[in-house]
Every structure is written in structure tokens, then in C-alpha cells.
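Here's the structure, in C-alpha cells; my notes come after.
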Amino acid sequence: MGAIAQDKSKSSITRTDPNSAIKVWETFKLKTQTRQQKHQPRPVTKKLPQYHRHRTLQIAWRLALIFLLFGTGLVGLWYYVSPYSRVALVSVSGVEITAAQDVIDASQLTTESNVLVTMAQEKQLETRLKQQLPALHSVRVVVSNWNKVALKVKEEPTVGFFAKKQGYQRIFANGKLDSQIMAKPIGNFPIYADFKPGVALNKVITLYAKIPTQIQNAISEIKSDPSKANPYRIHLYMNDGNEVVADSRTVVKRLKYYGNIVSQTSQKGIVDLEVGAFFTPFAQQK
């Protein structure tokens with residue numbers, strides 16, 4: 001009986017497989033690693049797949065820019081110290097009134113002048129030329145073939161001639177007088193007589209520009225003719241043989257009556273627009 005009881009107690013003990021314990025441990029370890037991986041931050045390269053490519057391109061552009069600036073500086077330095085940086089030839093274009101040689105002389109450019117300095121000082125060069133040559137309106141510096149300098153000139157339009165005892169001086173739109181004195185005026189421009197060069201003359205030139213073109217072409221001479229009663233009186237000599245007396249302050253508005261007045265008579269005389277608007281034949285002048 002005792003042997004039978006011992007066998008029953010042995011049969012009641014549970015048998016465990018050693019491999020199952022290993023499997024449990026491996027499962028636990030795998031879950032732990034999975035949780036740790038979830039909490040670990042993802043590498044930047046995984047978040048931004050094109051990060052390395054972007055950085056490479058950025059560095060390449062910076063290097064290219066550095067080489068470009070450095071290369072440009074070397075070329076500029078070489079050009080500055082080389083003979084090509086000296087002016088080899090100066091030419092002038094766009095002049096009709098002013099002599100080309102006068103422009104070259106006034107520019108003070110020589111074979112010792114530096115091309116880069118000349119280009120940098122273009123405004124100063126233009127100012128100097130305009131001060132010495134009143135006919136010039138603008139000057140541009142153009143460089144070709146490394147060291148050939150061309151002065152592109154634009155001249156002021158002529159608006160009339162200033163009468164002097166020695167002859168006539170050309171008047172430009174900027175109000176300046178040409179230094180050259182001519183024996184007689186040329187072209188269909190009015191003659192300005194007895195005006196003082198400067199403000200008084202420039203005011204009359206400005207008034208003339210406001211007159212309709214048809215009447216402008218009919219005026220041959222404008223003369224300052226002040227009186228004690230009216231210091232603004234001017235005298236206009238017309239191409240048709242008539243004359244006009246007017247006030248410089250109102251002449252632009254009143255000249256519109258001129259055509260209608262002279263069309264009513266075949267005689268030549270003076271059209272007085274100073275106060276009113278009336279005509280007096282020369283025959284009745286004292």
C-alpha cells in the first residue's frame with residue numbers, strides 16, 4: 001500500500017518544458033525592445049530624406065560664388081594694371097554745332113587716362129563738358145574693345161539768336177549763349193535784341209516756347225522795349241512786315257488776335273496788344 005501511494009504522488013507532479021521558459025524570455029525581450037524603439041527619436045536623415053542633398057547643393061553654390069568673386073577680382077586687378085586699362089582712342093558722335101575736337105579737349109582725356117576711372121567719373125565728366133560747352137545737353141561714356149572711349153553727345157536745341165554789335169550768338173534751350181559769334185543768323189529762328197543775358201532773356205525765351213507754332217514761324221525778331229509806364233513792354237517784328245507791341249506778361253494770350261486783326265486790312269502797321277487790341281497803319285504813325 002505504501003508503494004502504491006508513493007507512485008500516485010509522483011504522478012501528480014507537473015513536468016515543465018525548459019524551451020518554454022526560453023520562449024517566454026525572448027517574447028518579453030522583444031516587447032521591451034519594441035517599446036524602446038517607439039520612444040527613441042527618429043534620425044534627421046529619416047525625417048528629411050533630401051537633407052544631405054540640399055546641404056551638398058548649398059555648399060556647392062557657396063563655393064561657386066566664392067570662386068566667381070575671386071576670379072572676377074583677379075581679372076579686374078589684371079585689367080587695372082595692364083596697358084588695356086589706359087585710354088587708346090577717344091571719339092565723339094552726335095555733334096552738329098560743337099566741334100568734336102572741342103569736346104575732346106574739354107573732356108581732358110588722354111592716353112594716360114584710366115578707363116575704369118573715366119567710367120566711374122562719367123557724371124563729373126558730363127558736368128565739366130556742359131560748363132565749358134553750352135551747346136551740350138548730355139554726354140554718355142561708352143567703352144569698346146577694352147580701351148576705346150566714345151563720347152555720345154546730345155546737343156541743346158537752338159531757340160533763337162542774340163543780337164550784339166559784333167554779330168549774333170546762338171541761344172540754346174537751356175538759356176545759354178554760344179561762345180561763337182556769327183555774322184548773320186541762320187535758320188528760321190527769332191532774333192532777340194536789347195535783352196540782358198540771364199533771367200530777363202530766359203523769361204522771354206520761355207514765353208516764346210508757349211506761343212502756337214504758326215505764330216512762332218511768323219515772328220522774325222523780339223526786342224525789349226520798356227517804357228516808363230510799362231517796363232515789361234516788348235516789340236515783335238513779324239515776317240509779313242507788321243509789328244506788334246505787347247506786354248510780356250500777357251503776350252501769349254493776346255497774340256491769338258493777331259491773325260484776325262491783320263486779315264482785315266491790306267496795309268502794314270503796328271498791332272497794339274499792350275492794353276487792348278487795335279491796329280495803326282504805318283502811314284498814320286508820326
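Details
- Across region 188-275, the volume of the C-alpha convex hull divided among the residues equals 95 Å³ per residue.
- Cβ crowding within 10 Å averaged over residues, with 187-193, 256-262 ranked highest first: 187-193, 256-262
- Legend: distances between Cα atoms for 184/223; 184/253; 130/203; 228/253; 154/203; pairs beyond 28 Å are 184/253.
- When 234, 59 are arranged by Cβ crowding within 10 Å, least crowded first, meaning fewest neighbours, the order is 59, 234.
- Each other residue within a Cβ distance under 12 Å of residue 279 adds +1 if Lys or Arg and -1 if Asp or Glu, for a net charge of -1.
- Cβ-based net charge around residue 170, under 13 Å, with every Lys or Arg adding one and every Asp or Glu removing one: -1
- 105, 178, 272 arranged by Cβ crowding within 10 Å, fewest neighbours leading: 105, 272, 178
- Dimensions of region 84-155 based on its C-alpha atoms, expressed as ranges along the principal axes with the largest first, amount to 32, 20, 16 Å.
- Panel order for 87, 199, 142, by other beta carbons found within 10 Å of each beta carbon, from fewest to most: 199, 142, 87.
Only the coordinates and a few stated rules stand behind these numbers; no lab work does. This is a predicted model, so every value here is computed, not measured. Neighbour counts are summed over all protein chains in view; Cβ atoms, including those assigned to glycine, are modelled from backbone coordinates with ideal geometry.
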